[in-house]
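Chemist: Below are the C-alpha cells for one structure; questions will follow.
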Amino acid sequence: MSKVVVVTSGKGGVGKTTTTANLASGIAALGYKTIAIDFDVGLRNLDLVMGCERRVVYDLVNAIRGEATLRQAVIKDKRIETLYVLPASQTRDKDALTLDGVGRILDELRAAGFEYIFCDSPAGIEWGAQMAMYFADEAIVVTNPEVSSVRDSDRVLGLLDAKTRRAELGEEAIKTHLLLTRYAPARVAKGEMLAYQDVLELLGIPLLGVIPESTAVLQASNAGTPVVLDPTSDAAQAYLDVVQRFLGEERPHRFLESAKKGFFSRIFGGQAATA
Amino acid sequence: MVSGRRGEKRQEQQAFALKGTMPAMTMLCLRTADVSAIERQLEGHISQMPHFFLHLPILLDLDALGDEPVDLGALAGLLRKHNLVPIAVRNPTDAQRERAVAAGLGVLRTPLTRSPRKDAPAEGNTPTPGPVAVGPAGADRGAAGAAADRGAAGSARRSRDAAPAPDAAGEPPPAGLTLRQPVRSGQVIYVPHGDLVVLSPVSSGAELIANDNIHVYAPLRGRAMAGAHNNADASIFCMSLEAEFVSIAGRYLMADEIPDEHRGKPARISVQNDGLVVTRL
Ligand SMILES: Nc1ncnc2c1ncn2[C@@H]1O[C@H](COP(=O)(O)OP(=O)(O)OP(=O)(O)O)[C@@H](O)[C@H]1O
Ligand SMILES: [Mg+2]
C-alpha cells in the first residue's frame, strides 16, 4: 500500500520543503521505501535541502514528458537506503506539469513499491500547488503562527476538499494534518505570534506537531542534511515526534512553552529557540 | 392528429400549462438614466459578489426616473453582458413603456407584492437590489479568485440540485441546504431558495448567501448575507458572532459596527426599523 502525501500551505516560506525533507528522511530511516517529489518547478530546492543537488541529471518534467525514464530521473539518497528524491526542473515553469503526466508518474512509483510518496508543493494555490495536491491521500498543512499564514492554510483546506481527485470522485476526503512550524513560545507569550491553541481553533484540523523556531534548521538546510539526521536540536526532536505520530503512534506535544532557563538570553539574543 | 379519444389525446399532448406565480426577484431601482454610471456601480457589486449576480433575473424599476429618457436597449445589453437576465420593467410611464417593448422587455404595471403576509414597507423604495457588499472584498480575491470560484461552484451546484423546480401548484420550491463540513476561506455558498444551515465553522474569508435565514451552529467568522433577494424577514443566527460582514436584504454591518458585547457570543441578526439589530440568543 502506498500513500501519497502532499505538503502544502498556500503561503510561501513557511517550511514546506524543510518538512518534506525531514518527514521523508525520518520515515525512510525507519525502513519504509520513500520518495520526496519537488513540485516547485522553476524554483527547485528540495534537492538542495536534501543534499543531492550535484546529482540532478533529469527531473520531474523530463519524466512527465518522456524525455527520461522515471528510473533515470529519480535520485537515490546516499545516507538512507530506502530514500529517493525526484527533483523539480529549474528551467521550466509550472505549466509543464499535466494532470495526466503527474498521475502516470505516481502510478509508476506505486508500482515500483514506494510506500510513502511526499509531494513538496510550491507556494500559492495556482496550478503547481493544485498539481501537487490533486492525487493526495493525506495532506500536511504547514502553517506559521501568524494570521496571514492561517488564512492561507484555511484556503488550502477548502481546495483539498473541493479540487482534488478524491473530492471529484466523491471518495473519502483527504486526511488533513496541521503542522505548526517556526513556533517561538517566547514570542507567543509576548503576543507577537498566535498561540497554537488559537491556530487549532481557527483551522479545526488535528495537530500533527509543533516545530520550534530553530537556527539548527537553517544550518541543516545549508549543509544539505535534514535536521532529523542529527537529533540534537529541539527542531530535530520535534520532527522525529512528527514522524512517529504520522505513523500512528501517540506522543505528547513538546516545545509548546519556552524553557525556563535561557529565557532572557533568548529574548535578548533575538533568537527564540536554542540550537 | 389521429382521431379517436380526442379529449384524452389533447390532454396528453399539452406542451405546457399556464400558471400564475410571484417569485421574489431582484429589482434594479434606477436613479439615473446614465447607463455608464449604472455600469460602474454594477461592476463594483459584481466584483464583490460574482456568484450572487450570475444569471440573476432582474426587474427594472423606473419609478424614480419619471419620463426621463433612458436607453433601455443599451441597459438590457449591459445587464446581459454581465450575465444578468433582464426580464421586465416596472412602473413605466407611457413613453418608458414603449422603450421597454422596443428593447424586448416585459412590462409590469401592478405592484408586485400581492401576498398579504408582506406588509412590505413600500417595496419599490428599497434602493438596493439584494445585498450590496460595500465592504472590503474577501481578503484575497483576484489572484485566488479563479480557484476559489471553482471550489465554490461545487457547493453552488449542490445547492441548486437541492432546490427542485416549483411544483405544479406554483408553490415556492421547498429547498435549503445543510452543510456539515467547514466553509473555508475563499469558498462561496449560495442558496437561492430557503435556509442555509451550516454545522461547522465558517472561516474568515468565506461567504454565505441565502434568500432566507442563515444558521451557523459554530463560529461565524466570514461574511453572511441572508435575505439576499430582498427578504427582510430573514435572520442570521450563529453560535459565536465573529463575522467580517453581515447583511440582510441590503442592510449591512461591517465587523467594526458589530457591538463588542456580541462578539464571540451566540447571536441573532435581524432587520428592525430598516436597520440591522443584533440580539443575544
Ligand atoms: N523551524 C524552523 N526554524 C527556523 N527556520 C526555519 C524553520 N523551518 C523553516 N525555516 C526556514 O525558513 C525558510 C523557508 O523554509 P522552506 O524553504 O522549508 O519553506 P517553504 O514553505 O518550502 O518555502 P516556499 O514556499 O518558498 O517553497 C528556510 O530558510 C528555512 O531554513
Ligand atoms: Mg519550498
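The values are calculated or read from the model by the stated rules, or taken from the named source; none is laboratory data. Everything numeric here is computed off the predicted structure, so don't read it as measured data. Reconstructed Cβ throughout: ideal geometry from the backbone, glycine too, with neighbour counts over all protein chains shown. These area figures cover heavy atoms from the full protein model, side chains too; ligands, DNA and RNA do not enter into them. Shrake-Rupley method; radii C 1.70, N 1.55, O 1.52, S 1.80 Å.
Chemist: Note down the net charge around A:VAL41, summing +1 for each Lys or Arg and -1 for each Asp or Glu among other residues with Cβ under 13 Å from its Cβ.
Modeler: Working: positive: A:ARG44, A:ARG65, A:ARG92, A:LYS94; negative: A:ASP38, A:ASP40, A:ASP47, A:ASP59, A:ASP93, A:ASP95, A:ASP120, A:GLU126.
Within the 13 Å Cβ shell, the charges total -4.
Chemist: Take every DSSP beta bridge with both residues inside chain A and express the antiparallel ones as a percent of the total, to the nearest 5.
Modeler: In chain A, approximately 5 percent of DSSP beta bridges are antiparallel ones.
Chemist: If one computes the Cα centroid of the range A:1-46 and of the range A:118-140, what distance in Å separates the two points?
Modeler: Comparing the Cα centres of the range A:1-46 and the range A:118-140, I get a distance of 10 Å.
Chemist: Between B:GLN272 and A:VAL57, what is the spin-label point distance in nm, taking each point 7 Å from the Cα along the Cα→C-beta axis?
Modeler: 7.7
Chemist: While we're here: Mind giving me the nanometre distance, one decimal, between the label points for B:GLU257 and A:ASP198, set 7 Å out from Cα along Cα→Cβ?
Modeler: Going by the 7 Å Cα→Cβ label model, 2.7 nm.
Chemist: With a Förster radius of 22 Å, plug the Cβ-Cβ distance of A:GLU172 and A:GLU257 into 1/(1 + (r/R0)^6) and report the FRET value to the nearest 0.05.
Modeler: Values: r = 36 Å, r/R0 = 1.64.
With R0 = 22 Å, the Cβ-Cβ based efficiency is 0.05.
Chemist: Now for a different question. Within chain A, which is the longest segment that contains none of the GluC sites (Glu not before Pro) sitting in a DSSP loop with at most 13 other Cβ atoms within 10 Å?
Modeler: Formally, the longest exposed-site-free interval is A:82-170.
Chemist: Heavy atoms only, probe 1.4 Å: what % of the accessible area of the range B:232-281 goes to carbon and sulfur, would you let me know?
Modeler: 45
Chemist: Follow-up question, since we're still on this one. With labels modelled as points extended 7 Å from the Cα through the Cβ direction, what inter-label distance (nm, one decimal) is found for A:LYS78 paired with A:ASN222?
Modeler: 2.0
Chemist: In what sequence, highest mean first, do B:85-93, B:178-186 appear when ranked by Cβ atoms within 10 angstrom?
Modeler: B:178-186, B:85-93
Chemist: B:ALA33 to B:GLU68: extension gain in nm, 0.36 nm per residue of separation minus the Cα-Cα distance?
Modeler: 11.9 nm
Chemist: Only sites in a loop by DSSP and with at most 12 other Cβ atoms within 10 Å count here; which trypsin sites (Lys or Arg not before Pro) in the range A:13-79 make the cut?
Modeler: Working: sites: A:LYS16, A:LYS33, A:ARG44, A:ARG54, A:ARG55, A:ARG65, A:ARG71, A:LYS76, A:LYS78, A:ARG79; in loops: A:LYS33, A:ARG44, A:LYS78, A:ARG79.
Answer in residue order: A:LYS78.
Chemist: While we're looking at this one, here's another question. Place a label point 7 angstrom from the Cα of B:ARG280 along the Cα-to-Cβ direction, then list the residues of the range B:232-249 whose backbone nitrogen is under 17 Å away.
Modeler: Flagged as within label range: B:238-242.
Chemist: Project the alpha carbons of the range B:26-107 onto their principal axes and report the range along each, largest first, in whole Å.
Modeler: The principal-axis extents, from largest down, are 35, 21, 18 Å.
Chemist: Continuing with the same structure: Say R0 is 25 Å: what FRET efficiency, to the nearest 0.05, do A:THR91 and A:ARG71 get from their beta-carbon distance?
Modeler: 0.70
Chemist: Given a cut-off of under 8 Å on Cα pairs at least six residues apart, what relative contact order in percent is computed for the range B:26-107?
Modeler: In percent, rounded to a whole number, it is 32.
Chemist: Please list, in chain and number order, the residues 5+ apart from A:TYR183 or on another chain whose amide H is under 5 Å from its amide H, with Hs placed from the backbone.
Modeler: Amide H neighbours of A:TYR183: A:ILE211, A:GLU213.
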